[in-house]
Amino acid sequence: MPKPTCIRCKAVLDPPLNQHALSKCGRAPPASIDQLWPDCEALGDACEAPEETNIAQCKVICETFKPDSEFQDKPLTKHMLEALFQKAYARPKKASVPVVKQNLPLRASTSSNTTTQGSPSAGAQSESTAAVSSPPPWRLKFQNRVGLVSPLPKKEVITCVDRGLNVCKALQPVDINRRGVSGKAIFVSTNYVVVDQLPKQLFVYTIAYGEIKTNDSNATIADTTKPPRRIKRLAEKKLVFEGLREETPLQGRNDWATDCDTLWSGTALHDATEPGFVMPHIGFKKATGRSATIDHVTFTYKEKLEFPAQDTTRSLLNSSQDGERGASSYIAALNGLVSKHVTEARHGIVQVGPNKFFLSDVYSHMPHPRWKPKSQGEDTWSPLNAHRGYYSSIRPGADRVLLNIGAKTTAFLHPMPVSDFLRCVNQGGYEQYGDAEGLLKNSMLRIAYDRQQFHDDFDPNEENNRRKAFASLGSMPPGQQTFDHPQKGTIDVARYFEEDLKATTVPNNIFPCVNAGVRPRMIDGAEDPETVGKQLWVPAEFLEVVPNQPLSQQLSPNDMDAMLKAAQHAPGTLQKLIAGEGFDALGLTGKDADHLKLLGLHIKPQLLQIPARCLPTPGITFSDRKAINVRNASWFLETSDGGPPVTFCHVPQQRARIHVLDLTLGGVGDLAGRLVDALNTRLTRHSFKFADGSAAQTFHLVTDSISFNPRAHEHKQPPRFGLQDLSDETLITKFGALAKSYNDADSFLVLLDNKQSAINSAEYARVKRVFDQHLGLHTVCLTVPKFTFKYPDTKEEYLDVPGGQLFSNLALKFNLKLGGQNHSVVAGKDRNAKSAFHDIQADTIVLGADVSHAPSKFPDCPSVAAVVGNIDREFATFPGSMRLQAKGQEVIAELRNMVAERVVAYSIATKKFPTRMIFFRDGIGEDQFDNASDVEMERVKDGYEDAFGTLKEAKVSGLTLTKPAKLDLVFIVVGKRHHTRFFPVDDANADKKGNVLPGLIVDSVITRPDVTKVYDFFLQSHAALNGTAKSAHYIVLEPGSMKADQIQALTYAFCYNYARASKGVSYAGPAYYADRLCERGTHYLKGYTIMNMNQGHGRVITDDEKKGGKDGMNAFRNRVAGHISRQTTWNPYCEDVPSRKNPWHPRLDNVMFWL
């Protein structure tokens, strides 16, 4: 007869009681009372605690036991300890039941496609667990079988809203140095409300979290033995605060708010003699419903914020008391109070980030990229929804505190069964996300079937306990994904669900199993031992996507288009939404609005009307110097509507040729020749002249001329390649010999397919890399849909030559690439009116600068910085400089060097050294204004000085080299990422779409208070094609010698000076040029990342960098950027000419080839 063994450690038990002491058990004793129950439960027959021991004695024994402890002069056994624990903590005694299999998802073994159902050695949950209920009958219970049920109602288009709006006039006197007076005085409505009461003071505490420990009675062995960890994720911190709010000193208080890293309170929460306070042993529920404890949460007093009634707006711009720079701690505190009110005042709110709040029941379905809905409701199978919400932010106005409220739209995962989700994604169109696994990354799933209960303190079928975090998708369907069953050996997942769980819904073998456990982590080609055996496999049919989960990835171009359509609202409609649905969603109206007073706030729910001005429209002239008609910030490229084409101001007269290069997969046949003829005709009428009087021949690339493996496509014409199939080297080799016969003025019209946006972008990037960087030839790309039409009766598509407007737009691009000037901006509509830039033409260089943080799967991919500057007095040509810098770095590292390059180029071209500089800096957030003031402006000045030294040493012939004692610098930050909107209050000051008229200037009430010399203004310079127009926000950090009216007028003129459009653009042209040059740099960068994605040279972080924290990571990223800058895949000339930093062909240095 076999000897009895311990259920936990399998050791032979000591006779005669068949027990053994804790010191002899191979399973280590619990380290604390929190881990006692998982160790002592389900040990077979239970013991009774002696009647003479009371509950208090039992608690003392449980809380103080050690491995060699004794009880009543006998070794304390596991069974005794369990009995004492049951009595001490009043757990009801359960009848002994047979050991049964736990009805939970499957846990993986070390095999790639084999899982084990509960191997302790693999860290899985033990199957030896006593059930407290009978196995439930099989039932699938989905919450969102057909998705959400309250779709967004159809949009109501309203042109103008002006009902009961709060009218607010500017109170401060006009200062012409800070605010302008030119233009027609008007009023506009805006999406701001007044905050007319603030708390007198706020006490600020920083929060530090201790270690988290699982204390479930049903915790896994791995959970109770692995080292404690600290909380880092915001979602976990929010769950901790659900427990904290029930503890002293927060319990019963309503005058505090937190973002889980900082806490703001209207009254002090700590003893003034102490640095803060500690809240120990906080219990909370995890997202999966499991219980856990954090050993402590420490609140450290930081500062007290005071809001003096007579100077509230100035206080909002102050830095925190410890000298931190950047965003005001006052604004952060008030935003925290507002956010708390929003989340507590209304149900159905999903908070994303600190101040964005989305409505769970207000959404629209985003269309599937491959499916065209044929009937109502068919598009509900898209995996994404566009949810509407609202943004709120406290802003310091010119003379009062304001709250900015804007409508927002973002993508959420569509709640549906995971099998339906996979079926939808597998149709294609989601490759950019990494397919289904990428879309589901960081998401929560819901177990849809009922599970058996094994612990009386945890019901797995309660709704909050059904959630599991998505880890990964398996490679096998349920019929092939196997695991080691403790009784049956190796079986597949489908059989386990059918036989053990009695599933009447048989999982199919179409979709892979879903891992709802731990994602496998690979180290040096092998799985990390810490993740081995911790996978949980569940058939996709038995899980569903939890509602209210925003997508964590950047949208694909197709989904971005769908999102923009959902987010577009006519101005009147948007105004009505904010003043109605928005106010209600943010708790400014309704029954809970008065709760704001508990936080010391009062917000008046009325949109403001504010004073504004409308500047006169700049004039546009061409070669005849006659101003043409400008309507709603747009003009035709004809002398009159429908008349002959205009002649550009300046077209370089040289031996130019325009070639048509057909790179489409199927070829366009003889249409290429007709495109040449039509383009030639149009360009000639715009005053182009060609060598021999005509454009050159067209070129077609076919498989006969390039060695590669063509894809298996059948076409009526000869088989052709996909451009994405070719490497940069292949195209360079093909065109290298031909390029030698071209001159600098030769350009190519490149025809591309319009396949999936991601592929088209890759083709476009490859064309630009080859022609810009290696051949030094100009290209303009045109996609097939631009010349694809449909027969009105059959809807059959056909190719044809497009209309003249498209060729005029192409002509704009070709001319500026050749160094020409398309149009001039003048002050007024009179013939021979003076230039809009007359006051600065003689001595001013205008620069634009930007930084682009390119999204890339390449780890630590560098950012691209660019500076552009004019080289003529007409401000028509803005060549540029480009550098790489550390990933995510906002301050331009090599700004000094690039400014020097631009000043040298200007001086050589104009034969005069500039005495004034206007610098438009794009892409700086408000928290970076200090860096711009302290760092970048000094680098600009240093670059100016360096340029003078370089020119003085070079002794350029004919150059007038005179430097003023001090550079007259105007430094303007261009802001586009804001939520301010303006609405007309009457039809007389509105365009046909209900927007404010172009030329609108707002520089009072909602702008910055008079704290420093820094001031700002909003300028609406363009006409929105759809939705509500968004004005640009200009922050003048350094005004130089210019008054506000002059800066505003020049900025407006530069919006009309943008060379490649026949309309005013949304922000100043020099900043726009820099933005486009940065975008071109990201295409160049792909040439390196594609070739080196899997190579680590130059990109391995050192031990010193790891130990260096934030500074060490910055050093690593700087080293990566420097390494890539020295590679020929980024800069083909870095080896031959080490001093050359710009990564394009030298022939393109003095033209705007990137437009």
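Scanning the range 515-536 for residues that are closer than 15 Å to Tyr449 by Cβ and out of contact with any Gly (no Cβ under 7 Å at 6 or more places or on another chain) returns a single hit, Ala516. The set of residues in the range 429-452 being part of a loop (DSSP other than H, G, I, E, B) and farther than 19 Å from Pro367 by Cβ consists of Gly434, Leu440, Lys441, Asn442, Ser443, Ala448, Asp450, Arg451, Gln452.
Taking the range 740-769 as the search range and keeping residues that are open to solvent by less than 10 Å² (accessible area, probe 1.4 Å) and in a helix (DSSP H, G or I), which one is modelled with the lowest pLDDT?
Glu763
Per the conditions (1) open to solvent by 20 Å² or more (accessible area, probe 1.4 Å); (2) touching a Lys or Arg at 6+ places or on another chain (Cβ under 9 Å), the sole criterion not satisfied by Pro415 is (1). What are the pairs, 6+ residues apart or on separate chains, where a residue within the range 826-837 that is closer than 12 Å to Val630 by Cβ has its Cβ under 8 Å from a residue that is open to solvent by 60 Å² or more (accessible area, probe 1.4 Å) and of a type in the set (Phe, Trp, Tyr)? Between residues of the range 826-837 that are closer than 12 Å to Val630 by Cβ and residues that are open to solvent by 60 Å² or more (accessible area, probe 1.4 Å) and of a type in the set (Phe, Trp, Tyr), there is no close pair. Residue pairs whose Cβ atoms lie under 9 Å apart, sitting 6 or more positions apart in sequence or on different chains, and linking a residue in the range 609-628 that is open to solvent by less than 30 Å² (accessible area, probe 1.4 Å) to a partner that is acidic (Asp, Glu), are Gln609/Asp162; Ala612/Asp1003; Arg613/Asp1003; Gly619/Asp830; Ala627/Asp830; Ile628/Glu638.
Per-residue answers, yes or no, for (1) part of a helix (DSSP H, G or I); (2) at pLDDT 95 or above:
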site: Asp1016; (1), (2): no, no
site: Asn1026; (1), (2): no, no
site: His1033; (1), (2): no, yes
site: Gln1046; (1), (2): yes, yes
site: Tyr1052; (1), (2): yes, yes
site: Ala1059; (1), (2): no, no
site: Tyr1067; (1), (2): no, yes
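Residues are listed down the side, and each one gets a yes or a no for (1) within 37 Å of the chain's Cα centre (by Cα); (2) outside any helix (DSSP H, G or I); (3) small (Gly, Ala, Ser):
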{"residue": "Gln889", "(1), (2), (3)": "yes, yes, no"}
{"residue": "Arg896", "(1), (2), (3)": "yes, no, no"}
{"residue": "Ser907", "(1), (2), (3)": "no, no, yes"}
{"residue": "Ile924", "(1), (2), (3)": "yes, yes, no"}
{"residue": "Tyr944", "(1), (2), (3)": "yes, no, no"}
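Residue count for the range 542-553, restricted to those that are on the phi < 0 side of the Ramachandran plot and open to solvent by 30 Å² or more (accessible area, probe 1.4 Å): 4. Of the strands (runs of 3 or more DSSP E) that lie entirely inside the range 487-555, those containing 2 or more residues that are within 20 Å of Lys441 (Cα to Cα) span 536-538, 543-545. For the range 1076-1091, residues that are modelled with pLDDT under 95, open to solvent by 10 Å² or more (accessible area, probe 1.4 Å) and not hydroxyl-bearing (Ser, Thr, Tyr) total 5.
Only residues that are part of a loop (DSSP other than H, G, I, E, B) and either open to solvent by less than 50 Å² (accessible area, probe 1.4 Å) or at pLDDT 90 or above (or both) were counted in the range 324-345, giving 2.
Which of the following residues is on the phi > 0 side of the Ramachandran plot and open to solvent by 10 Å² or more (accessible area, probe 1.4 Å): Gly489, Gly533, Gly517?
Answer to the selection: Gly489.
Take the residues in the range 1009-1027 that are of a type in the set (Ser, Thr, Tyr) and surrounded by fewer than 24 Cβ atoms within 10 Å (Cβ to Cβ); name whichever of them is farthest from Arg613 (Cα to Cα). It comes out as Thr1012. Being polar (S, T, N, Q) and within 19 Å of Asp843 (Cβ to Cβ): is that true of Thr962 here? In short, yes. Check whether at least one residue in the range 456-466 is in contact with a strand residue (DSSP E or B) (Cβ under 8 Å, 6 or more places away or on another chain) and basic (Lys, Arg), and report yes or no. Yes; the residues of the range 456-466 include at least one that is in contact with a strand residue (DSSP E or B) (Cβ under 8 Å, 6 or more places away or on another chain) and basic (Lys, Arg).
Residues are listed down the side, and each one gets a yes or a no for (1) surrounded by 15 or more Cβ atoms within 10 Å (Cβ to Cβ); (2) out of contact with any helix residue (DSSP H, G or I) (no Cβ under 7 Å at 6 or more places or on another chain); (3) under 30 Å from Phe470 (Cα atoms):
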{"position": "Leu555", "(1), (2), (3)": "yes, no, yes"}
{"position": "Thr573", "(1), (2), (3)": "yes, yes, no"}
{"position": "Lys576", "(1), (2), (3)": "yes, yes, no"}
{"position": "Gly582", "(1), (2), (3)": "yes, yes, no"}
{"position": "His595", "(1), (2), (3)": "yes, no, no"}
{"position": "Leu601", "(1), (2), (3)": "yes, no, no"}
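Exactly one of these conditions fails for Lys468: (1) assigned to a strand (DSSP E or B); (2) modelled with pLDDT under 90. Give me its number. Among (1) assigned to a strand (DSSP E or B); (2) modelled with pLDDT under 90, Lys468 violates only (2). Going by the structure shown, is Asp772 more than 17 Å from Gly1069 (Cβ to Cβ), charged (D, E, K, R), touching a strand residue (DSSP E or B) at 6+ places or on another chain (Cβ under 9 Å) and crowded, with 19+ Cβ neighbours inside 10 Å? Yes, satisfied.
Matching residues to (1) in contact with a strand residue (DSSP E or B) (Cβ under 9 Å, 6 or more places away or on another chain); (2) crowded, with 21+ Cβ neighbours inside 10 Å; (3) of a type in the set (Ser, Thr, Tyr); (4) assigned to a loop (DSSP other than H, G, I, E, B):
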position	(1), (2), (3), (4)
Asn404	yes, no, no, no
Ser419	yes, no, yes, no
Gln427	no, no, no, yes
Pro478	yes, yes, no, yes
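Within the range 960-984, the residues that satisfy the criterion of being among the aliphatic types (A, V, I, L, M) and open to solvent by less than 30 Å² (accessible area, probe 1.4 Å) are Leu967, Leu969, Val970, Ile972, Val973, Val974.
Of all residues in the range 492-510, those satisfying the criterion of being under 39 Å from the mean Cα position of the chain (by Cα) and open to solvent by 30 Å² or more (accessible area, probe 1.4 Å) are Asn508, Asn509, Ile510.
Asp379 meets all of the listed conditions (1) modelled with pLDDT of 90 or more; (2) surrounded by fewer than 20 Cβ atoms within 10 Å (Cβ to Cβ) but one, namely (1).
Condition check ((1) aliphatic (A, V, I, L, M); (2) in contact (Cβ under 8 Å) with a residue 40 or more places away in the chain; (3) crowded, with 23+ Cβ neighbours inside 10 Å) across all residues:
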position	(1), (2), (3)
Pro1039	no, yes, no
Lys1110	no, no, no
Met1113	yes, no, no
Thr1129	no, yes, no
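Condition test on His659, is it open to solvent by less than 20 Å² (accessible area, probe 1.4 Å) and either within 30 Å of Gln197 (Cβ to Cβ) or in a strand (DSSP E or B) (or both)? When the stated conditions are applied, His659 passes them. Applying the criterion of being open to solvent by 10 Å² or more (accessible area, probe 1.4 Å) and not in a loop (DSSP other than H, G, I, E, B) to the residues of the range 851-882, the residue that is farthest from Arg939 (Cα to Cα) is Ser852.
Condition check ((1) modelled with pLDDT of 95 or more; (2) farther than 30 Å from Gln609 by Cα; (3) in contact with a Ser or Thr (Cβ under 6 Å, 6 or more places away or on another chain); (4) of a type in the set (Lys, Arg)) across all residues:
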| residue | (1), (2), (3), (4) |
| --- | --- |
| Phe875 | yes, yes, no, no |
| Tyr906 | yes, yes, no, no |
| Phe913 | yes, yes, yes, no |
| Phe929 | no, no, no, no |
| Ala954 | no, yes, no, no |
| Asn989 | no, no, no, no |
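The values are calculated or read from the model by the stated rules, or taken from the named source; none is laboratory data. Note that the structure is predicted; figures quoted are calculated from it, not measured. Here Cβ is always computed from backbone atoms with ideal geometry, including for glycine, and neighbour counts include all displayed protein chains. The accessibility values were calculated without ligands, DNA or RNA, using every heavy atom of the protein model including side chains. Shrake-Rupley method; radii C 1.70, N 1.55, O 1.52, S 1.80 Å.
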